[in-house]
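Asker: Before I ask anything, let me first share the structure, which is written out below as structure tokens.
The values are calculated or read from the model by the stated rules, or taken from the named source; none is laboratory data. What you see is a predicted model; the values in this text were computed from it and never measured. Reconstructed Cβ throughout: ideal geometry from the backbone, glycine too, with neighbour counts over all protein chains shown.
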Amino acid sequence: MSRRTRNTLRIPEQLRVPHEEPPPSAPLLNSPERLLEAAGEIFAEKGFKGATIREIIDRAGVNIAAVNYYFRDKERLYIETVKQAVCFRPETRPSWPSATPPTVKLHDFIHFLVGRLLDKNKPAWHARLVMREMAQPSEACTELVRDYIEPMSEILQGILRELLPPDTPRWKRLMTGFSIVGQCVHYCSHKPVITLLVGEKDCKYFEPATLADHITQFSLNSLTRT
């Protein structure tokens, strides 16, 4: 065979060996969700430093290319997992017609928050991961505050502006808001202790609607004395 003939040979497309791994496609379309779920379980159990990418991809059933493609690195995967644990989109935040009384707004806000915190359909790792991040804050906490907590705080502050005297200083209004949210978070973060204290029989009363009524009434009673 001449040199000229050899140079004109073409390898069939189906026999070519790719030099680069293509981006995740059809079989990996749900890779982000699988990665977030697997990462959430492991990060909640071991923290950011204790978790490894190898553990996460093995549990998710994907390869490391999926992490690089969707999240870039371990830190971004962790941040997005923490944000996923909050588990609500901006468009689901509570809103009301302009004529809605502030007391109704406060009750709705509290019911929304307690309902999210005590949602039985949420994986258990959601609350554990967020509490871990709050105890040992990282860049994930910064983004969580910016994207989720601060907008919710602004909604609550707007309600409190209507309920508190006009000359209430900002620091006192913020402190009042923290007290209201603290009650809501308490029933989530201390749920195992509450169950032990009240017993299984009375735990049925500690569901979101009843808790929202209680926290609202308790808070309004306090606000009338302010």
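Asker: Any residue at all in region 153-168 that's hydroxyl-bearing (Ser, Thr, Tyr) and modelled with pLDDT under 95?
Answerer: No, the conditions are met nowhere in region 153-168.
Asker: If you don't mind, another one. For region 160-174, give me each residue that is of a type outside the set (A, V, I, L, M), touching a residue at least 60 places away in the same chain (Cβ under 8 Å) and surrounded by 12 or more Cβ atoms within 10 Å (Cβ to Cβ).
Answerer: Glu162 - this is the single residue of region 160-174 that is of a type outside the set (A, V, I, L, M), touching a residue at least 60 places away in the same chain (Cβ under 8 Å) and surrounded by 12 or more Cβ atoms within 10 Å (Cβ to Cβ).
Asker: Would you confirm whether or not region 74-96 contains a residue that is over 20 Å from His190 (Cβ atoms), in contact (Cβ under 8 Å) with a residue 60 or more places away in the chain, assigned by TED's automatic domain parsing to the domain that holds Phe48 and more than 14 Å from the chain's Cα centre (by Cα)?
Answerer: yes
Asker: For region 81-98, which positions are closer than 18 Å to Leu129 by Cβ and surrounded by fewer than 20 Cβ atoms within 10 Å (Cβ to Cβ)?
Answerer: Passing the criteria: Lys83, Gln84, Val86, Cys87, Phe88.
Asker: Which of (1) more than 25 Å from Glu41 (Cβ to Cβ); (2) surrounded by 11 or more Cβ atoms within 10 Å (Cβ to Cβ); (3) of a type in the set (A, V, I, L, M, F, W, C) is the odd one out, the single condition Ala209 does not satisfy?
Answerer: Every condition holds for Ala209 apart from (2).
Asker: A further question follows. Could you count how many residues in region 52-78 are crowded, with 21+ Cβ neighbours inside 10 Å and within 17 Å of Leu129 (Cα to Cα)?
Answerer: 3
Asker: Within region 65-79, does at least one residue satisfy the condition of being basic (Lys, Arg) and under 28 Å from Trp171 (Cα atoms)?
Answerer: Checked region 65-79: no residue is basic (Lys, Arg) and under 28 Å from Trp171 (Cα atoms).
Asker: To continue, here is another question. Identify, please: which residue in region 175-196 is modelled with pLDDT of 95 or more and surrounded by fewer than 15 Cβ atoms within 10 Å (Cβ to Cβ) and is, among those, nearest to Leu117 (Cα to Cα)?
Answerer: Within region 175-196, the match that is nearest to Leu117 (Cα to Cα) is Gly182.
Asker: Moving on to the next point. Please go through region 97-142 and give me each residue that is in contact (Cβ under 8 Å) with a residue 60 or more places away in the chain, part of a loop (DSSP other than H, G, I, E, B) and hydroxyl-bearing (Ser, Thr, Tyr), ordered by number.
Answerer: Result: Ser138, single match.
Asker: Pairs only if they're at least six apart or on different chains, beta carbon under 9 angstrom, first in region 194-220 and over 29 Å from Lys105 (Cα atoms), second of a type outside the set (A, V, I, L, M) and not in a helix (DSSP H, G or I); list them, first residue then second.
Answerer: Partner pairs satisfying both residue conditions: Thr195/Phe206; Val198/Phe206.
Asker: Let me ask something else about it. How many of the residues making up region 48-87 are part of a loop (DSSP other than H, G, I, E, B) and of a type in the set (Lys, Arg)?
Answerer: Total satisfying the criteria: 1.
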